[in-house]
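Undergrad: One structure follows; several queries about it will come next.
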Amino acid sequence: MRPTYDELKRLWVYSYARGGFLEAEEWLNAMDKTDPKSPQFRALFCAAVVAYARPFTPSQITRKERVVPLRNVPAPSELNDTHVLVLDLRDKVIGHKDALPAEADEATPNLITIVQDATGFNLHTMQIKGMEPSISEKMKKLCAHFVKHCESQVRPIMERIGPEIRMHPVGRYELCITEPPDDWIKPIRQAR
């Protein structure tokens, strides 16, 4: 049975969100094996934060519709502080750089420092130098929580439309958010 237009959107939204969390988890696991003082660690850190935050930022799902995939899905209460921290890191430090000073009791990571010596001076930006292991572990728990949520949203639709998917030959297909009579599943052509 063909999925409805709304089901196709739900499949895309939750599959996209699930993919972001799986990607974030992959980068977090790679960080465990990387020197925390290395540029590679910083790159993995940034990648993990961006991938984690993606489902909480707007996505264009049709020509006319933008959604925030997990806008109203809360984090577990015991992990909410970490969830907010990661989204703030994405919004204020990694995805964007804000020049606003921090509140009196907060550290401002987006400082421009002036380093002066006998030969002159230079301007430098601050960089994140590491991540507490406890934050990494909490992010992994958050990823697992949200993956489970996304899978619970997709599973009933997939069970209903599975027979139609299995009618197609073995291969790779694109899920298309379309109305009938347009196909909702199209083969992905291999690059030559």
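Undergrad: What do you reckon, is His145 over 29 Å from Met1 (Cα atoms) and at pLDDT 95 or above?
TA: Considered against the rule, which asks whether it is over 29 Å from Met1 (Cα atoms) and at pLDDT 95 or above, His145 comes out as yes.
Undergrad: Separate question: Considering only region 165-173, I want to know if a residue exists there that is assigned to a loop (DSSP other than H, G, I, E, B) and basic (Lys, Arg).
TA: Yes: region 165-173 contains one or more residues that are assigned to a loop (DSSP other than H, G, I, E, B) and basic (Lys, Arg).
Undergrad: Within region 129-143, is there a residue that is under 21 Å from Ser59 (Cα atoms) and touching a residue at least 40 places away in the same chain (Cβ under 8 Å)?
TA: Yes, region 129-143 contains a residue that is under 21 Å from Ser59 (Cα atoms) and touching a residue at least 40 places away in the same chain (Cβ under 8 Å).
Undergrad: In contact with a Pro (Cβ under 8 Å, 6 or more places away or on another chain) and modelled with pLDDT of 90 or more: which single residue out of Ile128, Ile157 fits that description?
TA: Every option except Ile157 fails the conditions.
Undergrad: Suppose we filter region 34-60 for residues that are at pLDDT 95 or above and of a type in the set (Lys, Arg); how many remain?
TA: Summing the residues that are at pLDDT 95 or above and of a type in the set (Lys, Arg) in region 34-60 gives 1.
Undergrad: Just to verify a result, which residue in region 69-96, among those that are of a type in the set (A, V, I, L, M) and either in a helix (DSSP H, G or I) or in contact with an Asp or Glu (Cβ under 6 Å, 6 or more places away or on another chain) (or both), is surrounded by the most Cβ atoms within 10 Å (Cβ to Cβ)?
TA: In this case the residue turns out to be Val86.
Undergrad: Ok, one more. Of the residues that sit in region 34-68 and are in a loop (DSSP other than H, G, I, E, B) and in contact with a strand residue (DSSP E or B) (Cβ under 6 Å, 6 or more places away or on another chain), which one is nearest to Tyr16 (Cα to Cα)?
TA: Ile61
Undergrad: Okay, next question. Hey, among the residues in region 24-44 that are touching a residue at least 12 places away in the same chain (Cβ under 8 Å) and more than 17 Å from the chain's Cα centre (by Cα), which one's nearest to Glu65 (Cα to Cα)?
TA: Phe41
Undergrad: While we're on this one: Any chance region 48-55 includes a residue that's within 13 Å of Met131 (Cβ to Cβ), β-branched (Val, Ile, Thr) and in contact with a Phe, Trp or Tyr (Cβ under 7 Å, 6 or more places away or on another chain)?
TA: no
Undergrad: I would also like to ask the following. Looking at region 133-192 only, could you name the residues that are basic (Lys, Arg), under 30 Å from Val49 (Cβ atoms) and surrounded by fewer than 11 Cβ atoms within 10 Å (Cβ to Cβ)?
TA: Matches in region 133-192: Arg172 only.
Undergrad: Please find, within region 25-63, the residue that is nearest to Leu11 (Cα to Cα) out of those that are small (Gly, Ala, Ser) and surrounded by fewer than 19 Cβ atoms within 10 Å (Cβ to Cβ).
TA: Ser59
Okay, residues lined up against (1) modelled with pLDDT of 90 or more; (2) over 16 Å from Met131 (Cα atoms); (3) of a type outside the set (Asp, Glu); (4) more than 19 Å from the chain's Cα centre (by Cα):
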| position | (1), (2), (3), (4) |
| --- | --- |
| Asp6 | yes, yes, no, yes |
| Leu22 | yes, yes, yes, no |
| Thr62 | no, yes, yes, yes |
| Val86 | yes, no, yes, no |
| Glu106 | no, yes, no, yes |
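The values are calculated or read from the model by the stated rules, or taken from the named source; none is laboratory data. Note that this is a predicted model, so its numbers are computed, not measured. Note: ideal-geometry Cβ built from the backbone for every residue, glycine included; neighbour counts use all protein chains shown.
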